Amino acid sequence: MIVTKKINFESKGECDIIDITPQVEQEVAQAGINNGTATLFVTGSTAGISTIEYEPGLISDFQGMWERNIPKSIPYDHDRRWGDGNGYSHVRASLLGASLVVPFNEKKLSLGTWQQIVVVDFDNRPRSRQIILQIMGE
């Protein structure tokens, strides 16, 4: 059985990290599937999805890592072509990735104690974001 859901939310951009674990947990619990996998896909090319310990220190460390490794302050060919100033956000999002698969058992996500599902919006402005969630199993 496959159940497809959508999770919609607003983000601030600029490496905004949003914990969507509660929404995913709720959808898995209500899907009518006891065991399987939840596949999450963020639409758009300037956001990514991952897991992290969602606490202020690590969030700050994670945001700092992106600036050190893919800085906003250097030239990007994408910006020269389109003039929107978000070339760095596309590069960051492609490195993080647009999808994540999480197993679940007895309608509960198999996440570690300190592990949450997060969406990172790298764009240079606020956005309306959507996650496609496919819940598969038996």
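The values are calculated or read from the model by the stated rules, or taken from the named source; none is laboratory data. Keep in mind that this is a model prediction, so the values were computed, not measured. Ideal geometry is used to build each Cβ from the backbone, glycine not excepted, and the neighbour counts take in all protein chains shown.
Here are some conditions: (1) out of contact with any Phe, Trp or Tyr (no Cβ under 7 Å at 6 or more places or on another chain); (2) on the phi < 0 side of the Ramachandran plot. Gly97 meets all but one. Which one does it not meet?
Evaluating Gly97 over (1) out of contact with any Phe, Trp or Tyr (no Cβ under 7 Å at 6 or more places or on another chain); (2) on the phi < 0 side of the Ramachandran plot leaves (2) as the failure.
Would you tally the residues in segment 14-45 being of a type outside the set (Phe, Trp, Tyr) and part of a strand (DSSP E or B)?
The number of residues fulfilling the criteria is 10.
Could you list, ordered by first residue, the pairs with Cβ atoms under 9 Å in which the first is in segment 46-61 and outside any loop (DSSP other than H, G, I, E, B) and the second is exposed (fewer than 11 other Cβ atoms within 10 Å of the Cβ), at least 6 apart or interchain?
So the pair list comes out as Thr51/Gly112.
Quick one: in segment 98-110, which of the residues that are in contact with a Ser or Thr (Cβ under 7 Å, 6 or more places away or on another chain) and either at pLDDT below 95 or surrounded by fewer than 17 Cβ atoms within 10 Å (Cβ to Cβ) (or both) is nearest to Ser73 (Cα to Cα)?
Checked segment 98-110; the qualifying residue nearest to Ser73 (Cα to Cα) is Ser99.
So which residues in segment 116-138 are basic (Lys, Arg) and in contact with a strand residue (DSSP E or B) (Cβ under 8 Å, 6 or more places away or on another chain)?
Matches in segment 116-138: Arg127, Arg129.
Scan segment 1-45 residue by residue and report those that are of a type in the set (Lys, Arg), surrounded by 16 or more Cβ atoms within 10 Å (Cβ to Cβ) and out of contact with any Leu (no Cβ under 6 Å at 6 or more places or on another chain).
Those that are of a type in the set (Lys, Arg), surrounded by 16 or more Cβ atoms within 10 Å (Cβ to Cβ) and out of contact with any Leu (no Cβ under 6 Å at 6 or more places or on another chain): none in segment 1-45.
Restricting attention to segment 1-38, report how many residues are closer than 11 Å to Gly137 by Cα, of a type outside the set (A, V, I, L, M, F, W, C) and touching a residue at least 40 places away in the same chain (Cβ under 8 Å).
Result for segment 1-38: 4.
Would you point out the residue of segment 111-138, among those that are crowded, with 18+ Cβ neighbours inside 10 Å and of a type in the set (A, V, I, L, M, F, W, C), that is nearest to the chain's Cα centre (by Cα)?
Here the residue is Val119.
Can you tell me which residue is farthest from Ile33 (Cα to Cα) among those in segment 70-106 that are touching a residue at least 40 places away in the same chain (Cβ under 8 Å) and among the hydroxyl-bearing types (Ser, Thr, Tyr)?
My answer is Ser89.
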